[in-house]
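First the structure, in the form of structure tokens, and then the observations on it.
The values are calculated or read from the model by the stated rules, or taken from the named source; none is laboratory data. Nothing here was measured: the structure is a model prediction, and the numbers come from that model. We place every Cβ from the backbone using ideal geometry, glycine too, and count neighbours over all the protein chains shown. The accessibility values were calculated without ligands, DNA or RNA, using every heavy atom of the protein model including side chains. Shrake-Rupley method; radii C 1.70, N 1.55, O 1.52, S 1.80 Å.
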2 protein chains.
Amino acid sequence: MKVLIIGAGAVGSFYGSLLAKQGAEVSLLARSDYLYVKEHGIEIEGKQGVQHFQPAQVVNSAAAMTEKPDYVLLCTKVVEGADRVGLLKDAVGPNTAIVLVSNGIDIEAEIARAFPGHELISGLAFICVTRTAPGKILHQAYGRLVLGNYPRGISEKTQALCSAYQQAGIHCEANENITAARWQKCVWNAAFNPLSVLSGGLATADILGTQESFVRAIMEEIIAIAKAAGYPLPDDTVELNISHTRKMPPYKTSMLVDYEAERPMEIEAILGNAVRYGQRLKVSIPHLESVYALMKMRELQLAKVTV
Amino acid sequence: MKVLIIGAGAVGSFYGSLLAKQGAEVSLLARSDYLYVKEHGIEIEGKQGVQHFQPAQVVNSAAAMTEKPDYVLLCTKVVEGADRVGLLKDAVGPNTAIVLVSNGIDIEAEIARAFPGHELISGLAFICVTRTAPGKILHQAYGRLVLGNYPRGISEKTQALCSAYQQAGIHCEANENITAARWQKCVWNAAFNPLSVLSGGLATADILGTQESFVRAIMEEIIAIAKAAGYPLPDDTVELNISHTRKMPPYKTSMLVDYEAERPMEIEAILGNAVRYGQRLKVSIPHLESVYALMKMRELQLAKVTV
């Protein structure tokens, strides 16, 4: 199995290293960390100690790859200015399956349009993992991966990738309806990600401890959009999200981490796309619209300060 | 006319100085700025240059006053921990009218309960004025004052105070229905004050330039609460607020100024009291509830950082 990982951040490095451990030939396209990773590879610190991941090739452009891979995993954030199509263009050969590992709603359509002849696998990672320095990854908790073909179904290639991850020891699930799974994950993300930023940096435990009914209202609105879109979620979705979060250690969301590092946030992928979906379907989503409007203002203010 | 101003901040100093100019005997209760103001008085810089205001007495406690005043103007912010009743207790004699000059909804009830035998005048200041240092006030624009008895009516004392302000050259209006006027002012305050803070510091022009429909949604909800409470506002209230704000120079709200200075914000007076009012009357106010929940989280985060 030949794999190219695009993105030497936490997610790409972690899920690439697992496949390499299973004997796959895993190369890595790094951008800002290219020089460091080419020389040193990647160190992943987890509960079982530090593991070293030496990619088969480290490139800073897909054109430098000697062979086209069976899978290309795009593990970059879905943010404004990220040219995902451009990153994939030179990476895919006729038989390459494209795998998107990222958060958000409706993030596949752009890629499906640009690469109509390719198998498109959509993936969700449930993991706490952070890039602490170039080539240094800290794996804090979890790791579950959900994979499914876009817009739905499970192909042989999806099943094969899933098996490789299962053999690597993580929980990987092939999901017949990945779009529903995206809505399901968005229930948590659309609430805690923006609230952590707008509160000025509260961790999940404090958000839930003081404004649980507000968190619930946002979750209910995502569920209402999903239902209107044809993806009804289980009745206990809110309860499970709340009780699960209550059991988690106080957690800094990825959007807060990006915000504090002055990196672009996945506002559109996680929030904007959901809001537009809801507005198209005429679902009443005033709490989501409020949070989205405020995040757009915050983004504008950030741009003013950092210019 | 004997007057005691409580609060040597921008509002108290400005409105105190105007009465002194008209020949009233105006004393000032200062707290943090007591020593400086006692020695130097107050300098007010405006478009007509710098004016000096020397209070008849400067005290740091009302008990130090030699005589009880005809009017005591409480010009402090309505924030948690501000003991307004305690500040007034030693200031009022049997014939002292209490005048509250501050933003917010429902801020009179606590004072009316504590001083049932006293005339209570409720006031709204439409002014851009800032305390730049102890005893230094910068008057940037406006100055209109609206006064009315709580809960409604216009007494002789209110009329007399209003006349004094008119003679001092500012637009002062005696309002038969001050509670309706409070709701009217809250339409602007409940939108722009929290949004300026939650956006991380945007001025009014940028808020309106990017999120006008969100601003309108908040304003409409305040108007709906006011209507349910028996204070219907004119049909063009939102339009006038928007067009007026568009004509203003980009303006930093008072809540943003307090936030940036790490001072307590008038979240409850401006937002919390309105939200609770709406909830009691079962008005649908999801945008306001969102903004209020976020401000409470921001306040919590601020307390964590500054402790």
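Observations
- Within the shell of other residues whose beta carbon sits under 15 angstrom from the beta carbon of B:Trp188, the net charge comes to +1, with Lys and Arg scored +1 and Asp and Glu -1.
- Counting Lys and Arg as +1 and Asp and Glu as -1 over every other residue whose Cβ lies under 10 Å from the Cβ of A:Ala125, the net charge comes to +2.
- Chains A and B together bury roughly 2100 Å² of accessible area, counting both sides, with a 1.4 Å probe on protein heavy atoms only.
- Derived scalar couplings between HN and Hα for the stretch A:272-280 equal x, 5, 5, 4, 4, 4, x, 5, 4 Hz in order, rounded to whole Hz, by the Karplus curve 6.51 cos²θ - 1.76 cosθ + 1.60 (θ = phi - 60°), x for Gly and Pro.
- Shielding of peptide A:191-203 by partners, expressed as the average count of other chain Cβ atoms within 10 Å per residue Cβ, is 4.
- Percent carbon-and-sulfur accessible area, chain A, ignoring ligands, DNA and RNA, probe 1.4 Å: 51 percent
- Net charge, A:Val50 excluded, C-beta distance under 15 Å - Lys, Arg +1, Asp, Glu -1: +2
- Take B:199-212, A:252-265 and order them by the average number of nearby Cβ atoms within 10 Å per residue, most first; the result is B:199-212, A:252-265.
- 3J(HN,Hα) along the stretch A:174-183, derived from phi through the Karplus expression 6.51 cos²θ - 1.76 cosθ + 1.60 where θ = phi - 60°, amounts to 7, 10, 4, 10, 5, 5, 4, 5, 4, 4 Hz, with x in place of Gly and Pro.
- Note on B:Lys227: aspartates and glutamates with a C-alpha under 19 Å away, same-chain residues under 8 apart excluded, are B:Asp106, B:Glu176, B:Asp235, B:Asp236, B:Glu239, B:Glu289.
- Debye, to nearest 20: dipole size of the stretch A:2-176, +1 on Lys, Arg Cβ, -1 on Asp, Glu Cβ: 220 debye
- With contributions of -39500 (n - 2.57) from each DSSP H run of at least four residues, the per-residue ellipticity at 222 nm computed over chain B stands at -14000 deg cm²/dmol.
- For the stretch B:22-116, the set of GluC sites (Glu not before Pro) satisfying both a DSSP loop assignment and a count of at most 16 other C-beta atoms within 10 Å is given as B:Glu67, B:Glu80.
- Solvent-accessible area per residue in the stretch A:2-176 equals 43 Å², computed with a 1.4 angstrom probe and all protein chains kept.
- With θ taken as phi - 60° and the Karplus curve 6.51 cos²θ - 1.76 cosθ + 1.60 applied, the whole-hertz 3J(HN,Hα) list for the stretch A:53-64 is 10, 10, x, 4, 9, 10, 10, 10, 7, 5, 4, 7 Hz, x standing for glycine and proline.
- Restricting the stretch A:156-206 to GluC sites (Glu not before Pro) that sit in a DSSP loop and have at most 16 other Cβ atoms within 10 Å of their own Cβ leaves A:Glu176.
- Burial here means at least 10 square angstrom less accessible surface with every protein chain in place than with the chain by itself, probed at 1.4 Å; in the stretch A:266-307 the buried residues are A:Pro286, A:His287, A:Glu289, A:Ser290, A:Ala293, A:Leu294, A:Lys296, A:Met297, A:Arg298, A:Leu300, A:Gln301, A:Lys304.
- Ranking B:Met255, A:His118, A:Leu281 by Cα position along the charge dipole of the protein assembly as shown, where only Lys, Arg, Asp and Glu carry charges on their C-beta atoms, puts B:Met255 farthest toward the positive end.
- Residues with amide H under 5 Å from that of A:Gln51, placed H, sequence gap 5 or more: A:Ile44, A:Glu45, A:Gly46
- Cα-centred dipole magnitude for the stretch B:180-306, charges only on beta-carbon of K, R (+1) and D, E (-1), debye, nearest 20: 260 debye
- Highest-fluctuation residue, B:Pro250, B:Pro116, B:Pro134 considered, GNM on chain B with Cα pairs under 10 Å: B:Pro116
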